[in-house]
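Notes follow the structure.
Please treat every number below as a calculation from the coordinates, not as lab data. Because the structure is a prediction, the values reported are computed rather than measured. Note: ideal-geometry Cβ built from the backbone for every residue, glycine included; neighbour counts use all protein chains shown.
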Amino acid sequence: MKTFFKAFITAAAVLLLPLQVSWAADGFLYLRDPGFKEFGPPQYPKALLSHEKHFDGYGIKCKSCHHAYENGKNVWEEGMTTLCSECHGDSKAELVNAYHMNCWGCHKKLKQQYENADAPSSDCMKCHMEKTKVEEEQKRIENKPKNDRLLNIIQTMKKDGF
């Protein structure tokens with residue numbers, strides 16, 4: 001079942017999300033948004049994310065990260081493309097902030113509740129890593145031991161809202 005799910009997600013990413021993500025390796029993806037091109041060359045490499053770890057490992061629901069608001073309600077549904085630049089692209093600062101608050105904001109809340117959480121929140125290069133470091137980081141993330149305390153905190157955060 002897990003293999004089918006990975007194949008389904010990969011197919012969906014290839015067919016439905018070509019502008020937002022590109023796969024680095026199994027379960028890992030780079031966040032990218034063509035809206036950044038308007039503001040010149042990037043200061044940092046693309047951010048790397050373990051989609052599998054967040055979705056399968058931590059049980060974080062899609063709508064925790066993906067959103068499309070109408071009348072104050074998140075109406076995003078699986079299969080919809082979402083680019084932060086569609087709503088937050090008036091300036092580079094606004095666009096960077098949209099991404100950071102979605103990822104970094106959650107990690108910061110997690111670190112406030114559990115200081116030992118392995119959730120990057122202060123070192124830019126933990127997410128924006130050079131390609132030469134990607135494989136090593138992927139192996140590290142894949143081999144992270146299960147942490148029941150961390151999972152309990154994430155479950156509480158999910159109930160309270162990320």
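Remarks
- Within a straight-line Cα-Cα reach of under 23 Å, LYS144 can be paired with the following lysines, leaving aside sequence neighbours fewer than 8 residues apart in one chain: LYS2, LYS6, LYS46, LYS53, LYS61, LYS108, LYS109, LYS111, LYS126, LYS131, LYS133, LYS158.
- Region 20-94 shape via C-alpha gyration tensor axes, a/c threshold 1.5: oblate
- When the Cα gyration tensor is reduced to axis lengths a ≥ b ≥ c, the ratio a/c is 1.5 or higher for region 39-162, and with a/b not above b/c it is classed as oblate.
- R0 of 30 Å, Cβ-Cβ distance LYS108-MET80: FRET efficiency to nearest 0.05: 0.65
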